[in-house]
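Trainee: My structure is below; once you've seen it, I'll send some questions.
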Amino acid sequence: MSILTSAVQYILDLGASAMLPVILTIFGMILGQGFVKSFRAGVTVGVGFIGINLVIGLIGQYAGAAAQAMVDRLNLNLNVLDVGWPVGAAITWATPVAVIMIPMLFIVNMVMLAFNWTKTMDVDIWNYWHLIFAGAVIYYATGSLALCFLCALIHAVVTFKLADWTAPAVGHFLGLPGVNLPHAETVAWAPVCYTLNMIWDKIPGLNKVDLDGDKLKEKLGFLGEPMFLGLILGLVFGVLGGYDSKAVINTGINMAAVLVILPRMVSLLMEGLMPLSEGAREFIQKKFPGKEVYIGLDAAVATGHPTVVTVSLIMIPITVALAVILPYNRLLPYADIAVLPFTVIWAVVASRGNIVRSVLNSSIMMCAILFIATNLAEATTTMGHAVGFAFPEGATQISGIDMSCHILVWVFAKLCDPSNMPLLIAGAVVAVAYFGMWYIARNEVKRQVEETPAA
C-alpha cells in the first residue's frame with residue numbers, strides 16, 4: 001500500500017497542469033491517436049491550463065488584494081479565513097481516504113458508462129478532490145468509513161448526472177462540443193440557476209431586460225468591449241481599496257488584461273482537446289455503435305467566456321459587500337476571490353448570457369455559499385488540523401468560497417449529525433428542495449438549446 005500511495009501521491013503532486021498532459025497522452029494513445037498526436041494535444045492542454053491559471057492568478061493578486069484592502073479599511077471582524085482552493089485541495093489529498101477513493105471513483109465512472117447510466121467520461125482526475133472532499137468531511141465528522149465512501153459515491157453519481165444534463169448547454173452556449181463539466185462545485189449550482197431563470201421569466205419588467213455582452217458593447221461603444229470593461233472595473237476596485245494613483249492604474253490594466261488574455265488561453269486549451277474529443281467519439285462509435293460520450297473536463301475551459309469573466313469581476317465587490325452585511329457570515333473573502341469565474345459559470349449559462357440575470361443568480365448563490373462557508377468552518381478546520389496544515393498566524397478557523405460551493409457536502413454533513421436536530425431537518429429540507437428544483441428545471445437545458453442560436 002505504501003508503494004501505491006507514493007506512486008499516486010507523486011502523480012498528484014505534479015498538479016493539474018502537468019498531470020493532465022500525462023493522462024491525456026495515455027488516453028489519446030488508447031483511442032488510437034498515436035503518440036505524437038496525443039503528446040502534442042496533451043502538452044497543448046497543459047500549456048493552456050498554465051495560461052488560464054496565470055491569468056486567474058492576476059484576479060487574486062489585484063482584485064483579491066483590493067477586496068482585502070476594502071475589508072481592512074472597514075475594520076471588519078470576520079474571523080474565518082478564506083484560505084483558497086489550493087489549500088482545500090491539499091488538505092483533501094492529504095486525508096487517509098483519498099488514495100482509496102481515487103480508483104474507486106474512477107471505477108464507478110467506468111461502470112456507469114458501461115451500463116449507460118452516464119455519458120460522462122471524466123478524465124479530470126485532479127478535480128476528483130472535489131468528490132473526495134465530500135467523503136473526507138463526513139469521515140472527520142463521524143469517523144465512519146462506510147458513511148464517508150457512501151457520501152463520496154453519491155456525490156460522484158449526482159455530479160456525473162448533472163454533467164450529462166448540462167452537456168448540451170456546454171456545447172451550444174459555451175461553444176465546447178463533445179465536452180461537459182463534471183466539476184462538482186460548479187455544476188452543482190445548475191439546477192438552482194435554471195430554476196431562478198424560470199422565476200425571472202415570470203417577473204414583469206425583469207423578464208423584458210435582456211442585456212448580454214453584445215448589447216452592452218452596443219450601448220457603451222468601445223467602453224463595452226471586454227478590455228475596457230476590465231479596465232473600468234479594475235480602476236473602481238483600486239479606488240474602493242483606497243489605493244494611490246499608481247496602484248489604481250496597475251489594478252485597472254491588469255483587470256483589462258484578464259478579460260483579453262483569458263479567452264485566448266481557453267482557445268489554446270481547446271486546440272489541444274479537440275483531437276482527443278474527436279478521437280474519443282470515433283473510438284466509442286467503433287466499439288459501442290450509437291453510444292454518445294462526453295469528455296468530462298475542468299470547468300476552467302468555460303472561464304474564458306466573455307460574459308463569465310465580466311460577471312465574475314462585477315461579483316467581486318458584491319461578494320465583499322455580502323460578506324459585510326449578512327448577519328450570519330464570518331468568512332473573510334480573500335484567496336478564493338480568484339475562483340469567481342468558476343463560481344458564476346452556471347449563473348451565466350442558465351440566463352443565456354443575460355448580465356442582469358447572471359448577477360442576480362450569482363448574488364443569491366453567494367449568500368448560500370457564505371452561509372455554508374461559515375457553517376462548515378469547524379469541519380474544514382478539523383480536517384486541516386488532522387492532516388497537519390500550518391495555519392496562518394492569527395487564524396483560528398479556515399474555510400473558503402470554493403470549498404463552500406458544494407451544496408451536497410453541506411447536506412451530507414447535516415444529515416449525518418443527529419445531535420443537531422434543527423440542522424438535520426434543514427439538511428433534509430434543502431435536499432428535497434434541491435432535487436425538486438432539478439426536477440422542475442429538467443427540460444430547461446433542452447428548451448434553451450432549441451430556442452437560442454449556437455455560440
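Trainee: Please list the non-local residues whose amide H lies under 5 Å from the amide H of ILE398, H modeled 1.01 Å from N, same-chain partners needing a gap of 5 or more.
Mentor: Those lying under 5 Å, H to H, from ILE398 are LEU81, THR381.
Trainee: Distances longer than 15 Å among the Cα atoms of the range 281-372: what percent of all pairs is that? All intermediate terms of the calculation are to be shown ahead of the outcome.
Mentor: Numbers: 2635 of 4186 pairs.
So the pairs more than 15 Å apart make up 63 percent of the total in the range 281-372.
Trainee: ³J(HN,Hα) across the range 438-449 via Karplus (A = 6.51, B = -1.76, C = 1.60, θ = phi - 60°), whole Hz, x for Gly/Pro?
Mentor: Listing the rounded values in order: 4, 5, 4, 9, 4, 9, 5, 4, 4, 4, 5, 4 Hz.
Trainee: Among 141-147, 118-124, what's the highest-first ranking by average C-beta atoms within 10 angstrom per residue? Walk me through the intermediate numbers first.
Mentor: Values: 141-147: 14.1, 118-124: 22.6.
Descending mean neighbour count gives 118-124, 141-147.
Trainee: Binning at 10 angstrom from zero up to the longest distance, how are the C-alpha pair distances of the range 100-205 distributed in percent?
Mentor: Histogramming the range 100-205 at 10 Å steps yields 14, 40, 29, 12, 4, 0 percent.
Trainee: Mind giving me the nanometre distance, one decimal, between the label points for ALA146 and ILE318, set 7 Å out from Cα along Cα→Cβ?
Mentor: 4.5 nm
Trainee: Right, here's the next one. Distance check, please: which entries in LYS37/LYS119; LYS161/LYS414; LYS119/LYS208; LYS37/LYS446; LYS208/LYS246 exceed 32 angstrom between their Cα atoms? Walk me through the numbers before you get to the answer.
Mentor: Values: LYS37/LYS119 25 Å; LYS161/LYS414 23 Å; LYS119/LYS208 36 Å; LYS37/LYS446 34 Å; LYS208/LYS246 41 Å.
Pairs exceeding 32 Å: LYS119/LYS208; LYS37/LYS446; LYS208/LYS246.
Trainee: Provide the per-residue ³J(HN,Hα) series for the range 23-37, in order, calculated from phi with Karplus coefficients 6.51, -1.76, 1.60 and θ = phi - 60°, each as a whole number of Hz, with x at glycine and proline positions.
Mentor: Couplings: 4, 6, 5, 4, 4, x, 5, 4, 7, x, 7, x, 5, 4, 5 Hz.
Trainee: Pop out the ³J(HN,Hα) list for the range 308-318 in order, Karplus 6.51 cos²θ - 1.76 cosθ + 1.60 with θ = phi - 60°, rounded to Hz; leave Gly and Pro as x.
Mentor: With the stated coefficients, the range 308-318 comes to 4, 5, 4, 5, 5, 5, 4, 6, 4, x, 5 Hz.
Trainee: Using label points projected 7 Å from each Cα along Cα→Cβ, tell me how many nm separate ASN207 and SER419, to one decimal.
Mentor: 4.9 nm
Trainee: Next question, about the same structure. In terms of the Cα gyration tensor, with a ≥ b ≥ c the square roots of its eigenvalues, is the range 321-432 rounded because a/c is under 1.5, prolate because a/b exceeds b/c, or oblate? Let's see the in-between values first.
Mentor: On the way: a/c = 2.03, a/b = 1.28, b/c = 1.59.
Here the range 321-432 falls in the oblate category.
Trainee: Continuing with this model, one more query. List the residues, sorted by chain then number, that are 5 or more residues from VAL179 or on another chain and whose placed amide H is less than 5 Å from its amide H.
Mentor: The list, which skips near neighbours in sequence, is ILE295.
Trainee: What is the set of long-range amide H partners of THR120 at a cut-off below 5 Å, with H atoms built 1.01 Å from backbone N?
Mentor: TYR294
Each value in this text was obtained by applying a stated rule to the coordinates, not by laboratory testing. What you see is a predicted model, and the numbers here were worked out from it, not measured in a lab. Glycine also receives a Cβ, built like all others from the backbone with ideal geometry; neighbour counts cover every protein chain displayed.
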